[in-house]
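Here is the structure we will look at.
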Amino acid sequence: MALLFALLISLPQDYIDLLMQGKYEEAIAYCNEMISKPQAGAGCFLLSGLNGKKTYMWELEKGDIYFNKLAQLDSAAQIYQKIIDAYQQKDGWVYYRLAQVFEMKEDFLNAAKAYEIVATRFRTPPLDSFSLTGVERCFKKNYQDFVATIDDYNITRLELDEQMKRTLFGKKDVQSVLDRMITERLIYTNAIKENVQDTEFFKENIASKKRSFLVDEVRESDIVSKSIPTEKEMKKYYKDNKENYKLREEVRGKEIVVDSDSLAQFILDSLKIDAASFDTLAKLYSTAANRNSGGNMGIVYRGTKPAPVDSMLFRAEMNTVTDIVPYDDKFGIYIVTEHNPKRYRDFEEVKTSIEAAAKTEKLRAIEKEFSQRLRSGAQIEIYEEPQDSVIAVVNGRLILRSDIERLQETHPQFAKMNLTDSVEFKKAIDKYIDEELQVEWAEQHKYFLNDSYFTKLQAALTELMSRGLYIKVVVEAVSVDSEEVKDYYTEHKDDFKIPESVRAREIVVEERELAQQIRNVLLKNPTAFDSLAKTHSIGAAKSRGGSLGLVRRGMKPKKFDDVVFTLRAGEMSRVFSADDKKYTIVVVDEYNPETYRPFEEVQQHIEANLLRQKQGQVVNEFLATIREEADIQIFLEEPEEKAEEQIPKPEQEKMPEKKIEAEEKEIPTEDIIEKN
């Protein structure tokens, strides 16, 4: 739903540029300067009670900066409340802002009251629907049936029920879902304690999220919502594209096709006596592919059969056996059971598909017109040759190559452009400029107040606080030094052992005497091994000339190993039996003694896995500590049956240690904080 809020005058471009460049302190100073003037521009209402000088618009702007940009909620609440107290006409959008601030502060009772004021006193769209959604969110938090409290923060039965419905993976029982909710809350509160919101990781990512959300809001409000076609537009689309809804002339019927004129005459005579025997005669005599279905042709469109057949089918009488139709040295007999003339599908019949197609067409036109309108009101300069990594200037703001690259990183792989290609790079620049202008439009029109933006922002804050906490208390706090890696290699050297191996060929036969004869031939002519293996061997490697490839000790029966691993490159075994039924001769082409993978080869692998082990341990200890320090009370009723087998409240989730194998197997360590 589009936000219908508009300021009495447009915000100055130089002020908007400060917001777009993230210069929020300068933007506040700009607001204060405008407030301090006797009049802050024609058309602005003066706020009584504010020394007669401060204007509504610039006080509101300052509050918005504290709320939406700096997340200084107390300062924003004070400004909004001051405006409400001073501005006699009572603007519903200020109450709505105050409600959102209270909700972000987790003061759900006062948030609900503010939302209720908006819903009851300012019944204009979209304020009415926005506020009712806010009332619903706060109702779930203010519901008095608690299932748990964490340091005086309540989880209500309604919240638990909603989370149960959303849980698609993992444990879905009530206790497990509630436990995850408790863990998520503890992670969020501890992220605040650790000042995650002040880290560069959080600042960069929340800024990127906000930009993306604003672009989404602009697209929904100014493009998608306006692209729904009217009945008149759909009928026009139907008229303009009527050929797309044309149904070709068609018939349905049966056929009998034979190669003989006399046979065709015999069949026709039979059908004249008993037309009901058509299916039986088709199955008995027809050479067509559809003979087994009684000659059923299905749908036949005009022009798809040979000309003589086509002409006959589309002028034949219904349910009447035709004369013999000769064509291509064949003879056909037909009966038409249904004939539908060419027609156009009715509008109502195709209305759903027309609506989708018309919407797509209209959306493209609106999107193009909207982009052109934004560009026509902007000052844009694109450099053919980048100036010190500056590739464009939009309304005085520099666009850097790194900005384009950073935006590309946020796109899924299939949507990324090849920035090394000049054409693709130009498209990427145009896309970035369009988004830049859309964000500027969103800033002008306060799309951050849209309900959909607010709910997405809440989810993003929780996610980024969790990820930021993991980075701060786990990633940045844990390291592995070179001595630890060397010590692990020394202590677990057997894990990196490469077993003794050979590359060998074999000939397997059923009789010892034949095996001995073959061996005697090979002693005189070793080059005959391949042909002898293909001729006489019954082993699985026969077709490969007996080649076994690489064989490690332990892969074959012990009797095989005992003989083969005494040989060296170029040597041939005696005749031996590995299973007491068949007789084998082996030639070793390559011998590799038992060895160990060198430290340099496995160093990075060991370091990565040791790091995961240590990080997992830190995660487990951290979760156990924050649970122990928190005041957690659970009010779930115990199940009536097997109450004694209840899973106790987890205090610490131990992570099993896993040794690093010689082969490239990573140790799975769950990112508990990130997952939560």
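The values are calculated or read from the model by the stated rules, or taken from the named source; none is laboratory data. Source: prediction; values computed, not measured. Note: ideal-geometry Cβ built from the backbone for every residue, glycine included; neighbour counts use all protein chains shown. Protein only, heavy atoms only, side chains kept; ligands, DNA and RNA dropped before computing areas. Shrake-Rupley method; radii C 1.70, N 1.55, O 1.52, S 1.80 Å.
Below are the figures for this structure:
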quantity: Wholly enclosed helices (runs of 4 or more DSSP H) of the range 89-164 bearing at least 3 residues among the charged types (D, E, K, R) and open to solvent by 10 Å² or more (accessible area, probe 1.4 Å); calculated: 108-121, 127-142
quantity: Residue match in the range 155-175 (condition: out of contact with any strand residue (DSSP E or B) (no Cβ under 7 Å at 6 or more places or on another chain) and touching a residue at least 60 places away in the same chain (Cβ under 8 Å)); calculated: yes
quantity: Residue count, the range 441-459 (criterion: assigned to a helix (DSSP H, G or I) and in contact with a Leu (Cβ under 8 Å, 6 or more places away or on another chain)); calculated: 8
quantity: Members of the range 344-363 that are open to solvent by less than 100 Å² (accessible area, probe 1.4 Å) and of a type in the set (S, T, N, Q); calculated: 353, 360
quantity: Elements of type helices (runs of 4 or more DSSP H) contained in the range 199-305, each with 2 or more residues being of a type in the set (Phe, Trp, Tyr); calculated: 200-218, 231-240, 278-285
quantity: Residue check for residue 424: under 24 Å from the mean Cα position of the chain (by Cα) and more than 27 Å from residue 206 (Cα to Cα); calculated: yes
quantity: Unmet criterion (only one of (1) in contact (Cβ under 8 Å) with a residue 24 or more places away in the chain; (2) open to solvent by 80 Å² or more (accessible area, probe 1.4 Å)) for residue 566; calculated: (1)
quantity: Any hit, the range 385-393, residues being closer than 19 Å to residue 17 by Cβ and acidic (Asp, Glu); calculated: no
quantity: Selection count, the range 379-427, where residues are open to solvent by less than 60 Å² (accessible area, probe 1.4 Å), in a helix (DSSP H, G or I) and touching a residue at least 12 places away in the same chain (Cβ under 8 Å); calculated: 6
quantity: Single unsatisfied condition, residue 234 versus (1) over 30 Å from residue 445 (Cβ atoms); (2) more than 29 Å from the chain's Cα centre (by Cα); (3) surrounded by 12 or more Cβ atoms within 10 Å (Cβ to Cβ); calculated: (1)
quantity: Residue 486 being open to solvent by 30 Å² or more (accessible area, probe 1.4 Å), more than 30 Å from residue 580 (Cβ to Cβ) and either among the aromatic types (Phe, Trp, Tyr) or modelled with pLDDT under 95 (or both); calculated: no
quantity: In the range 165-189, the residues that are among the basic types (Lys, Arg) and in a helix (DSSP H, G or I); calculated: 165, 166, 180, 185
quantity: Of all residues in the range 437-469 being in contact with a helix residue (DSSP H, G or I) (Cβ under 8 Å, 6 or more places away or on another chain) and of a type in the set (D, E, K, R), the one that is nearest to residue 372 (Cα to Cα); calculated: 440
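Each row is one residue, and each column tells you yes or no for (1) part of a helix (DSSP H, G or I); (2) over 30 Å from residue 199 (Cα atoms); (3) in contact (Cβ under 8 Å) with a residue 12 or more places away in the chain.
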residue: 462; (1), (2), (3): yes, no, yes
residue: 508; (1), (2), (3): no, yes, yes
residue: 516; (1), (2), (3): yes, yes, yes
residue: 538; (1), (2), (3): no, yes, yes
residue: 543; (1), (2), (3): yes, yes, no
residue: 551; (1), (2), (3): no, yes, yes
residue: 554; (1), (2), (3): no, yes, yes
residue: 570; (1), (2), (3): no, yes, yes
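Residue-wise test of (1) open to solvent by 40 Å² or more (accessible area, probe 1.4 Å); (2) acidic (Asp, Glu); (3) more than 24 Å from residue 262 (Cα to Cα); (4) modelled with pLDDT of 95 or more.
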residue	(1), (2), (3), (4)
296	yes, no, no, yes
299	yes, no, yes, yes
302	yes, no, yes, no
329	yes, yes, no, no
337	yes, no, yes, yes
365	yes, no, yes, yes
370	no, no, yes, yes
373	yes, no, yes, yes
